[in-house]
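Report on the following structure.
The values are calculated or read from the model by the stated rules, or taken from the named source; none is laboratory data. Source: prediction; values computed, not measured. When we count neighbours, we look across all protein chains shown, and the Cβ atoms used for this are built from the backbone with ideal geometry, even at glycine. These accessible areas exclude ligands, DNA and RNA; they are computed on the full protein's heavy atoms, side chains included. Shrake-Rupley method; radii C 1.70, N 1.55, O 1.52, S 1.80 Å.
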Amino acid sequence: MADLFQAAGLTPSAPQPLAERLRPQRLDEVVGQDHLLGPEGPIRRMAEARRLSSMILWGPPGTGKTTIARLLAKEAGYEFQQLSAVFSGVADLKKAFEQAKVRRAAGQATLLFVDEIHRFNRAQQDGFLPFVEEGIVTLVGATTENPSFELNGALLSRSQVYVLKRLDEAALEGLLAKAEAFEGRPLPLEPDARQALTALADGDGRYLLTLAETLFNIGTAKPLTTRELGQVLQKRSPAYDKDREEHYNLVSALHKSIRGSDPDAALYWLARMLAGGEDPLFVARRLIRTAVEDIGEADPMSLVLANAVKDTYDFLGSPEGELALAQLVVHLAAAPKSNAVYVAYKAAMRAAKETGSLSPPSHILNAPTRLMKDLGYGKGYAYDHDAPEGFSGQNYFPEGMERRRFYEPKGEGNEARIKERLDRWAAMRRERG
């Protein structure tokens, strides 16, 4: 049904954003996704065969998910029907499926595009299954979130997941050239400012065209410098959702950069997290974990420093306390590494579960009562301080359990001295055994 504006013939002349006016009209015009849309790309092949499979398009904002779905339907000869999980409910889904049934009876296939599909709950996602299985609709879902976490396994098993890439510099420059050709004039920017503009877009083509439209609209007598561009346009916050996948991706990058002894990369990921609004105390907790997991006894002062940095941030707050986090990141990345304690602890936990409730050997049992002494508790215990070299070499494992070696020092940093002592004690144990 036409609305009042359509009935009055006003819609065609209504202003549209530049990004909408430049929306590609063919799959060939979509930039930055050649791995999917190039001659050998899977989506391109489906379009050419005019036989589509259900799919999930996963990628950052402004990478062409909606456009690809629309053009895919057009080039494959499917009816395009669009829903948004933000604004649609069960009633909208039922209506869409009924309309698709009618089309199917008339020989017309339907591509049902669901934007932000991850916002549908599990039960609503299950509602797609019978209609996808029967071929009533070909489902194309778009999401900015990791489908592995946000979508039902049953729905994923019936769909291909295609990952869209954030637009690189060449793709963004192509969009700017297209905008300039459409407007018939160049953007009023000096070369360095033009590069700064693409950096502001952060891989989002739609946002880049929105920025370009702002520059076209304001008009300027001379090209803007980078500084003047910053005064005209406001930089948006980096893409970072503390409850979503990007949160875990960046903290993983920070942790692994430290483990890989790369202080420069580690500082970069720390800065990315803090610039995105991450809680500095969350970062401090993760760094403490890194100190015990990846450095351990190779540099035991790292754990002391990590706790001191947490206290420093509590005392100073932001932004002064964030410098302490940076110092800790550099220290941890530059420190000798050993996960020997971490590995030993996991091995000891496995052994504890395997051996159940074996009692300690009687000679190291405490004997506070006469009965316990009469039962042999503590009998034969050797007091190590009185033994030669302060080492008795007695067995401290349960009776019936063979001695195991869980802790294997790496020989890095402080652990080199620990390894030397443990090897010497092991030799003495063998001699006295």
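For P186, are the conditions met, namely being open to solvent by 30 Å² or more (accessible area, probe 1.4 Å) and assigned to a helix (DSSP H, G or I)? Answer is no for this residue. If a residue must be among the aromatic types (F, W, Y) and loosely packed, with under 12 Cβ neighbours inside 10 Å, how many such residues does segment 347-386 contain? So the answer is 1.
Picking from residues in segment 55-82 that are assigned to a strand (DSSP E or B) and open to solvent by less than 20 Å² (accessible area, probe 1.4 Å), the one that is nearest to F131 (Cα to Cα) is M55. In segment 25-40, the residues that are without any contact (Cβ under 8 Å) to a residue 24 or more places away in the chain and part of a loop (DSSP other than H, G, I, E, B) reach residues that are open to solvent by 10 Å² or more (accessible area, probe 1.4 Å) and charged (D, E, K, R) with C-beta atoms within less than 8 angstrom, at least six apart or across chains, in these pairs: G38/R44. Tallying residues that are under 21 Å from G317 (Cα atoms), among the hydrophobic types (A, V, I, L, M, F, W, C) and open to solvent by less than 20 Å² (accessible area, probe 1.4 Å) within segment 255-283 yields 3.
Listed here are the helices (runs of 4 or more DSSP H) enclosed by segment 128-181 that have at least 2 residues being touching a residue at least 24 places away in the same chain (Cβ under 8 Å) and open to solvent by less than 30 Å² (accessible area, probe 1.4 Å): 129-133. Here segment 397-428 is the region considered, the condition is being in contact with a Lys or Arg (Cβ under 9 Å, 6 or more places away or on another chain) and aromatic (F, W, Y), and the residue that is least open to solvent (accessible area, probe 1.4 Å) is F397. Just one of (1) open to solvent by less than 40 Å² (accessible area, probe 1.4 Å); (2) over 29 Å from Y268 (Cα atoms) fails for D294. It is (2). Only one entry of A221, A253, A171 meets the criterion of being closer than 28 Å to P15 by Cβ, at pLDDT 90 or above and of a type in the set (A, V, I, L, M), and that entry is A171. When the criteria are applied in full, A333 fails the requirement of being farther than 29 Å from S261 by Cβ, open to solvent by less than 40 Å² (accessible area, probe 1.4 Å) and modelled with pLDDT of 90 or more.
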